[in-house]
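Everything on this sheet refers to the single structure shown next.
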Amino acid sequence: MIACLIMANMAAFAQTASVMLLHEGGEPRFFNPAHIADALEAATDGDSLLLSEGSFAGNFIITKHVSLIGAGTKTVITGSINIELTDSLMNDTYMLDALYITDDINVNNAIDGLKMRKCTFRNISFNGRTDYSVIENCYCKGTLLLGGWAENNEKSKVVGLTVVNSKIENLTGDASADGAAVFEHCNVRLITIYGNTADNRCTLQGCIIGGWSMGLADYYGTPYGGKTIYINCLCDGGNYKSGNPARYTDCWDFYHETTQQNAKLLEELDYKGYPLSNYICSDGTVVGTTGGSLPFTLSPTLPTVSEASYSVDSKEKKLKVTLKVKTN
């Protein structure tokens, strides 16, 4: 009986765009998909908002330690998401999970341990100091901005960011902090990393890199004079061969004739006689997003029912069902 009730509830939830607020020990609450802000206002730290397939109004602000969990690319948030927490402590859950965001993600305040996975978005910017955050299996269709543009700007410095098995159109910004970011098994079409004070701003390992911005190459963090470290990367041939050899360890190069062909390589993971099976990284997997421990996918990690119970009120002729949902 419980199984039937669960299946019926999930089927109803999927039929129309819905926002379900889950609170530990409380009953689920539903909100209008056009007013996610109302659900966020009602939520408390540690709550989860489950978003079904459908379209939801964006341009809202997250000020609490909550999780927004969607159904993958069919959960569409039209607009931007702004993250503005008043403190820097995060729990070990994903704040953004399996969402398609038509515009930007803006991290506007200092924060530690922000985590997101399986999200598609246009741009993401870290405008407040961001320490030890994680991006997994995401598709950035525009620009990933590492902090602000001014070197040593403590207000927008990124430290210890880890980006895993993600696709990034353009990686840019001031990465002047030591160990600013590590990119593992990512596909990056274009890199422009500014900042010239630290010796190890970023490390890219097992990545496919389509090219570098040429305009400030002699001074800033491009392969010509920069400090970024590349390990087991498949790089654009022309720029790679002109770079500082000391910054490259066991890397390979390819040559592309046009931007369109380069984009095809990043999307299809193959290019004119360069099958990725020929490029095995030190972790024993292929270069790019299909390698590593978390091969790229935007398919959601769905919540599961971890506990279920029911009771019958004979007097009131009511059946009470209690479910405990694990958001994974």
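The values are calculated or read from the model by the stated rules, or taken from the named source; none is laboratory data. Note that the structure is predicted; figures quoted are calculated from it, not measured. For neighbour counting, all protein chains shown are included, and Cβ atoms are generated from backbone atoms with ideal geometry for every residue, glycine included.
Structure above, values below:
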read-out: Residue in segment 216-238 that is over 26 Å from the mean Cα position of the chain (by Cα), modelled with pLDDT under 85 and outside any loop (DSSP other than H, G, I, E, B) present; value: yes
read-out: Residue in segment 161-212 that is modelled with the lowest pLDDT, counting only those that are among the small types (Gly, Ala, Ser) and either under 19 Å from the mean Cα position of the chain (by Cα) or surrounded by fewer than 20 Cβ atoms within 10 Å (Cβ to Cβ) (or both); value: ALA198
read-out: Restricting segment 75-93 to residues that are at pLDDT 95 or above and not in a strand (DSSP E or B), the residue that is surrounded by the fewest Cβ atoms within 10 Å (Cβ to Cβ); value: GLY79
read-out: Odd one out for HIS256 among (1) part of a loop (DSSP other than H, G, I, E, B); (2) modelled with pLDDT of 65 or more; (3) not β-branched (Val, Ile, Thr); value: (2)
read-out: Meets criteria (in a loop (DSSP other than H, G, I, E, B) and modelled with pLDDT of 90 or more) for ASP38; value: no
read-out: Cβ pairs under 9 Å, 6+ apart, first in segment 302-317 and hydroxyl-bearing (Ser, Thr, Tyr), second at pLDDT below 75 and part of a loop (DSSP other than H, G, I, E, B); value: THR304/THR327; THR304/ASN328; TYR310/MET1
